[in-house]
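The values are calculated or read from the model by the stated rules, or taken from the named source; none is laboratory data. Given the structure is predicted, the values throughout are model-derived calculations rather than measurements. Here the Cβ is made from the backbone with ideal geometry for all residues, glycine too, and neighbour counts use every protein chain on show.
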Amino acid sequence: MKEILNNYDFLLDAVILLVLELVYFKLADRYNIIDKPNERSSHTIPTIRGGGIIFVFSLLLLSIGNYFAYPYLVIAVLLSGAISFIDDIRGLPSLVRFSAHFISALLLLLQSDFITLPIALLAAIIVLIIAIINAFNFMDGINGITGFYSLAVIVPLLLTESSEELRELQVYITVGLLIFLLFNARIKARCFAGDVGSVSMAILVVFLLMQRIYTTGNANYICFLLLYGVDTGMTIAQRILQKENIFQAHRKHLFQLLSNEYKLPHLVVALLYALLQLFINYYIVHTTDSIWVTVVLGLIAAAIYILLKKVLLQRVKASTVAP
């Protein structure tokens, strides 16, 4: 990794990424690509949307500089990133977004050599990939959460990576995240990731986890996304039970409850999620236990989530009726 960090070409690419982000800000201001707060928002001032486009730029710079490495991954990110960017600007039908996610999942299978697995298993993996993409999108609601949480996933992979090619990809993604956080991890963010950022990052994270699971045979690496999975899954279950449209915007995730009702600073909540996930990931990279680790961790996390959310909602309800 030292060779990568000491490479002048790499440093030049980091500067290029920063410049590209600043140029995007100018274009977003000019063409009004702005996220304006509404009753469901966790922010209160208009903010540039789509700053996460830097994740797409990071992958493109790496691929072009390495003779168009990871072609299927690049196509997947460009496809879903483009559809998401358009959706950020004017909105698109759910079917269009779903189709892009489905094709991206197929491309990830091709890039990761998973395509030779049995059909039933491939179908399950495709469903899981689409679920993860949407979970990243759903969870991108407060300053810092996408950037910090993604770092909590990628940095442990980077520090334990044996493949020089994958390590270089992880470094480029990390640099993109750090530049993004420079503008997003603020009390008043300069930009939001937007769908283009959360979806593109989800695809990159999924690819890296697929590579690690493939090389190690350790499926417990899926727990690298445990907190996002639990918060998204349990919130969807809650909304289904309450007979709500799960595709409509809302403020019922645990992180939204902590930020909006309990008034915890966005960055504090984002760091809590990232640090807890980082602790889990540290355990995962140092264990080779059976898949039951994933099951047990999932059950424990779900039980704690239900209990915590119930207590918080009761306190919010009590505070609203108090004289």
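Candidates in region 63-78 are the residues that are within 20 Å of the chain's Cα centre (by Cα) and in contact (Cβ under 8 Å) with a residue 40 or more places away in the chain; of these, the one that is nearest to residue 20 (Cα to Cα) is 77. Is it fair to say residue 16 is more than 23 Å from residue 131 (Cα to Cα), free of Cβ contacts under 8 Å to residues at least 24 places away in the same chain and either touching a Leu at 6+ places or on another chain (Cβ under 6 Å) or surrounded by fewer than 18 Cβ atoms within 10 Å (Cβ to Cβ) (or both)? Criteria not met by residue 16. Scoring residue 209 on the criteria (1) free of Cβ contacts under 8 Å to residues at least 60 places away in the same chain; (2) surrounded by 18 or more Cβ atoms within 10 Å (Cβ to Cβ); (3) farther than 25 Å from residue 12 by Cα; (4) more than 16 Å from the chain's Cα centre (by Cα) leaves a single failure, condition (4). Checking each residue in region 42-57 for being of a type outside the set (D, E, K, R), surrounded by 15 or more Cβ atoms within 10 Å (Cβ to Cβ) and either at pLDDT below 95 or outside any helix (DSSP H, G or I) (or both) picks out 42, 43, 47, 48, 50, 51, 52. With respect to residue 194, is the statement that it is in contact with an Asp or Glu (Cβ under 7 Å, 6 or more places away or on another chain), under 18 Å from residue 60 (Cβ atoms) and touching a residue at least 24 places away in the same chain (Cβ under 8 Å) true? The answer is yes for residue 194.
The residue pairs whose first member lies in region 297-310 and is within 25 Å of residue 261 (Cα to Cα), whose second member is in a helix (DSSP H, G or I), and whose beta carbons are closer than 6 Å, counting only pairs six or more residues apart or on different chains, are 301/226; 301/230; 302/230; 305/230; 305/234; 309/254. Restricting region 63-86 to residues that are assigned to a helix (DSSP H, G or I) and of a type in the set (S, T, N, Q), the residue that is nearest to residue 179 (Cα to Cα) is 63.
Pairs meeting the criteria (first residue in region 234-254 and surrounded by fewer than 15 Cβ atoms within 10 Å (Cβ to Cβ), second residue not aromatic (Phe, Trp, Tyr), beta carbons under 6 Å, at least 6 apart or on different chains) are 246/236; 246/239; 249/40. Residues of region 116-133 that are within 18 Å of residue 201 (Cα to Cα) and of a type outside the set (Val, Ile, Thr): 128, 131.
Of the candidates 110, 60, 121, the single residue that is modelled with pLDDT of 95 or more, outside any loop (DSSP other than H, G, I, E, B) and among the hydrophobic types (A, V, I, L, M, F, W, C) is 60. Only residues that are in a helix (DSSP H, G or I), more than 16 Å from the chain's Cα centre (by Cα) and either under 16 Å from residue 145 (Cα atoms) or not β-branched (Val, Ile, Thr) (or both) were counted in region 268-289, giving 4. Tallying residues that are at pLDDT 95 or above, over 21 Å from residue 49 (Cα atoms) and aromatic (Phe, Trp, Tyr) within region 173-214 yields 1. Restricting attention to region 92-136 and to residues that are of a type in the set (S, T, N, Q) and either surrounded by 12 or more Cβ atoms within 10 Å (Cβ to Cβ) or touching a residue at least 24 places away in the same chain (Cβ under 8 Å) (or both), the residue that is farthest from residue 224 (Cα to Cα) turns out to be 94.
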